[in-house]
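The values are calculated or read from the model by the stated rules, or taken from the named source; none is laboratory data. The model shown is predicted, which means the values in this text are computed figures rather than measured ones. Here the Cβ positions follow ideal geometry from the backbone for every residue, glycine too, while neighbour counts run over all protein chains shown. Heavy atoms of the whole protein, side chains included, go into the accessibility calculation; ligands, DNA and RNA do not. Shrake-Rupley method; radii C 1.70, N 1.55, O 1.52, S 1.80 Å.
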Amino acid sequence: MHCAIDALPFCIATLVAAAAARSPVTQTACPTRHLFRSREAEASKRKKASVAWQEELKEQVADVPFEVLQQAQSSGQLPSFSHKKHLVDTKRANKNRPMEVTSKKPVGRLREVIQAPKKDIRDPRFESLCGNFEEARFKKAYSFLYDEELPSERQRLQKVVKKGNAGEEVEEAEHKLAWIDRQLREEEQRRKQAEQVTQFRAKEKDAVKQGKKHYYPKKSEKRKEELVRKYQELKATGKLEKFLEKRRRKNAAKDHRYLPYRRPESNQD
């Protein structure tokens, strides 16, 4: 039987009191058999009792006018049952603006703070878009480093070493000077080898035109030709004896490691 409109406050108070009496209350001193009851079971029971109470109260006030219910709810006599979630509009006016995220969820440590466009890093050595690598063409394009830049830097460092006193600046200049000399020697050696390869290919090309077969020299033959060329070059410049003496000392030091050591003689009285 539904409550009358005039007796609505008293009816609501009676229902709330009855529901509170029926709702399970957690006791401070529980018997021994209830000590091992899980918290999840207690929470589910409280939730079911609350839902049943809310449904019963809704049935009691089903025919009550909306104005009376709103007045009772505003005065605190009738509890609110709205459990609608507040949906946050995450749409952005512009895709470059940051997205609005709810503050109820914990923020991860690794997160994208600013949505910036991704940069594609390309290495021209391994990209097919940059073409194939040609060593001869590359050396020709950057030949000014060995022809102009390094020699001028070498002259400047030589002046620094001559004018400067013993110190860190002079030591650094000497290290750079040694590095430049080594780079120039290696580049000169490389150019000579490239020139020999070019001459050999030109001879082979002419031989093939004459009807001969291709000739592919072995690595051992290439090493022999390199030694003969180096010997002739050292002999022409007058540095052959110095080179041979240095090679003898190096071989002697290498052989000395394999010589047996002399046993120490025991002192006998």
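Taking the Cβ-Cβ separation of ARG247 and CYS130 as r and a Förster radius of 41 Å, what is the calculated FRET efficiency to the nearest 0.05? After rounding, the FRET efficiency stands at 0.40. The simple Förster model, with R0 at 41 Å and r as the Cβ-Cβ distance, assigns GLU186 and ARG262 a FRET efficiency of 0.45.
Leaving out same-chain residues fewer than 8 places away, which lysines sit with a Cα under 16 Å from that of LYS239? Candidates past the 8-residue exclusion: LYS230. Once the chain from GLN193 to GLN54 is taken as fully extended at 0.36 nm per residue, the excess over their C-alpha distance is 40.4 nm. Placing a label point 7 Å from the Cα of MET99 along the Cα-to-Cβ direction, the residues of region 110-125 whose backbone N falls under 12 Å from that point are 112-113, 115. Convert 10 °C to kelvin, take the viscosity as 1.306 mPa s, use the Kirkwood radius over C-alpha pairs of region 169-269 as Rh, and evaluate the Stokes-Einstein diffusion coefficient in µm²/s, rounded to a whole number. Reported coefficient: 85 µm²/s.
Near LYS58, which lysines are there with a Cα under 19 Å away, not counting those fewer than 8 places off in the same chain? The qualifying lysines are LYS47, LYS48, LYS84.
Mind checking which lysines have their Cα closer than 17 Å to the Cα of LYS163? Skip sequence neighbours fewer than 8 apart in that chain. Within the straight-line limit of under 17 Å, LYS163 reaches these lysines: LYS176. With a simple spin-label model that places each label point 7 Å from the Cα along the Cα-to-Cβ direction, the separation between TYR215 and PHE138 comes to 3.2 nm. Comparing Cα centroids, region 220-269 and region 147-200 end up 27 angstrom apart.
The residues of region 115-266 have, on average, 97 Å² of accessible surface per residue, using a 1.4 Å probe with all protein chains present.
Across the accessible surface of region 183-263, with the other protein chains kept in place and a 1.4 Å probe, carbon and sulfur atoms take up 54 percent.
For a paramagnetic label modelled on ALA236 (point 7 Å from Cα along Cα→Cβ), amide N atoms under 17 Å away belong, within region 167-200, to 188-200.
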